[in-house]
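No value in this document is a laboratory result; all are computed from the given coordinates. Quick caveat: nothing in here was measured; it's all calculated off a predicted structure. Cβ atoms come from the backbone with ideal geometry, glycine included; neighbour counts cover every protein chain shown.
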Amino acid sequence: MEAIVLYPAPNMGHLISMVELAQLILLHHHHPSNSLLSVHILITSPPIDLGSPSPYIASVSATTPSIIFHHLPDPSPPLQPASFPSMEALVFEHINLTTPQVQTTLLSISLSSSIRAFVIDGFCTAALEVGTSLQIPTYYFFTSGASCLALFLYIPTLHKNTTKSFKDLNTHLHVPGLPPIPSSHMPEPTLDRTKEQHSWFLNFATRLPKSAGIIVNTFNSLEPNALKAISDGLCVQDGHTPPIFCVGPVIKSSDQSAGGQAECLKWLDSQPRGSVVYLCFGSLGTFSKEQLKEIAVGLEKSGQRFLWVVRSPPMKEQSQQLLSQSEEDPDLDSLLPESFLDRTREKGLVVKKWAPQVLVLSHDAVGSFVTHCGWNSVLEAICAGVPMVAWPLYAEQRFNKILLVEQLKLALPMNESEGGLVSAAEVERRVREIMESEEGNSVREQVLAKRQEAMAATSEQGSSRAALAKFMESAKR
Ligand code: UDP
């Protein structure tokens, strides 16, 4: 019996793409002449709401018995979220303290199976040494794209070239293969070098090239410039880059559309083709009450049809935003302008908390997507051929916005004003622009072209299938 062990970060976005990678691996391996293979997924649960993965895990376990989940015991005593400055710092520390359980679990799996590969998320860097010390080839699964990978590989160089934090540099950074990046648009946790999460991310960036290889959720023709810079060794200090496997787009292949969520699909059935703007901001995105009102006014004034996923505003200040997610359903009457829901009843639908996004994006009625630029959302939009308006919120999303708007031309920008608020007028203008203007049309054509390329890459003879085969070959022990 052979095994591949995957170790995803605990948030839904990263977990889903790791599970999809597991499905791809099993599909690839499925041949009568091959030995039995199972994929083991290590699950760790920091004391913070990162999107309730249990129902998802249960449904995967029920449909795919060759995927085996292992819930790692929590460190004792459990961490106190209130004593952490950010979600990232908490997750890194939780994963760090869980490292001994990873070792125990790998040893226990290896009693019944030969572990061909251990594949870890960037957040799980603490486990890299566990894998290598057990002489298991240890790979990264990079859940963002190749451009972001080029950036991360280059971060140690950027860090060495200055003593200042990116947030204080006020300049453009030049990274091989990428458009110039305003220093303020660097991935959020790397902005301030005095913060703890900065050193976690720098450690991750330094360790990336030390792995046996990096699996990337992209396809060759989406980000050729970044991929060339990486393979030419321009992004790392000593010129050594491990093998890169572009196996994407790896996106959610099915969507549970239980209860109220399915209602929005029924509503879409009654809308004209390509007429609806879909607004959704990932598994964690939230807005202040003031910002929700601006969005509502802008949408109403735009006259466009819309499907909008709304969450309750964060309970604490911005820096604690992700640690203070509310489980509560949003109270739409108090959050949105008076009678907004009545007035827009004919044209719009507001969904509380969650929509089955992959199904929504692939619905004929959807004509554009206002997105927080999380990489899964970006790939899902490309696979559905839906043009985007880029409204980044956290993580590496500001960087993704630059990439999508300036280099790939797959999105129009949503721009915030000085104080960080996006005005109703900006929402109205951009939503109209993506749906009705020449610029919107050319973004649509560009996305449709990329969709074709994505389909070609994941077809039987495509580059992503070949990359997966190469990974499996390299993981033979
Ligand atoms: N998602 C969804 N419905 C929602 C919000 C998010 O299905 O209402 C899914 C989305 O399809 C994607 C994932 O959650 O697969 C979010 O991942 P992404 O990388 O876009 O953003 P993150 O949540 O990691 O910031």
Regarding the chain, what's the average projected area of the Cα-atom convex hull, expressed in nm²?
21.8 nm²
What's the exposure ranking of Lys252, Lys401, going from fewest to most Cβ atoms within 10 Å?
Lys252, Lys401
Counted neighbours (other Cβ, 10 Å), sorted fewest up, put Trp200, Trp267 in the order Trp267, Trp200
Would you list Thr458, Thr194, Thr104 from fewest to most Cβ contacts within 10 Å?
Thr194, Thr104, Thr458
Kindly provide the trypsin sites (Lys or Arg not before Pro) of segment 137-171 that DSSP labels as loop, not H, G, I, E or B, and whose Cβ sees at most 14 other Cβ atoms within 10 Å.
Lys164
Post the alpha-carbon centroid distance, segment 329-347 to segment 86-109, in whole angstrom.
43 Å
Among Ser464, Ser417, Val443, whose Cα sits farthest toward the positive end of the charge dipole of segment 414-477 (+1 at Cβ of Lys/Arg, -1 at Cβ of Asp/Glu, about the Cα centre)?
Ser464
Long-range amide H partners of Val389 with built H, under 5 Å:
Phe369, Val370, Thr371, Leu412
Value of [θ]222 nm, deg cm²/dmol, for the chain, DSSP H segments ≥ 4, -39500 (n - 2.57) each, nearest 500
-12500 deg cm²/dmol
Simple spin-label estimate for Leu421 and Asp333 in nanometres, 7 Å along Cα-Cβ
2.5 nm
Candidate lysines for bridging to Lys347, where Cα separation is under 25 Å - those fewer than 8 sequence places away on the same chain excluded:
Lys266, Lys289, Lys293, Lys301
Projecting the Cα atoms of His70, Ile251, Val236 onto the charge dipole of the chain, where Lys and Arg contribute +1 and Asp and Glu -1 at Cβ, the residue farthest towards the positive end is Val236
Any idea what the relative contact order of segment 259-455 is, in percent, if you count C-alpha pairs under 8 Å spaced at least 6 apart?
26 percent
May I ask you to derive the relative contact order of the chain, considering only C-alpha pairs under 8 Å and at least 6 residues apart, and to give it as an integer percent?
15 percent
For segment 154-193 and segment 261-289, compute the distance between their C-alpha centroids and round to whole Å.
35 Å
Quick one: which residues, 5+ away or cross-chain, put their amide H under 5 Å from the amide H of His40? H built at 1.01 Å from N.
Ile4, Val5, Leu6, Ile68
Measure up Lys210/Lys476; Lys353/Lys401; Lys195/Lys353 against 27 Å on the Cα-Cα distance and list the ones that go over.
Lys195/Lys353
Please label the shape of segment 369-446 as rounded, prolate or oblate, based on the square roots a ≥ b ≥ c of the eigenvalues of the alpha-carbon gyration tensor (a/c under 1.5 means rounded; beyond that, a/b larger than b/c means prolate, else oblate).
oblate
With N set to the residue count of segment 75-198, report its C-alpha Rg divided by 2.2 N^0.38 Å to two decimal places.
1.27
Lys160 to Ser35: extension gain in nm, 0.36 nm per residue of separation minus the Cα-Cα distance?
40.3 nm
Prolate/oblate/rounded label for segment 259-455 (Cα gyration tensor, a/c 1.5)
rounded
Cleavage-rule hits, GluC sites (Glu not before Pro), segment 445-477, DSSP coil, Cβ neighbours within 10 Å at most 15:
Glu460
What does the net charge come to around Ala9 if you take all other residues with beta carbon closer than 14 Å to its beta carbon, with K and R at +1 and D and E at -1?
-4
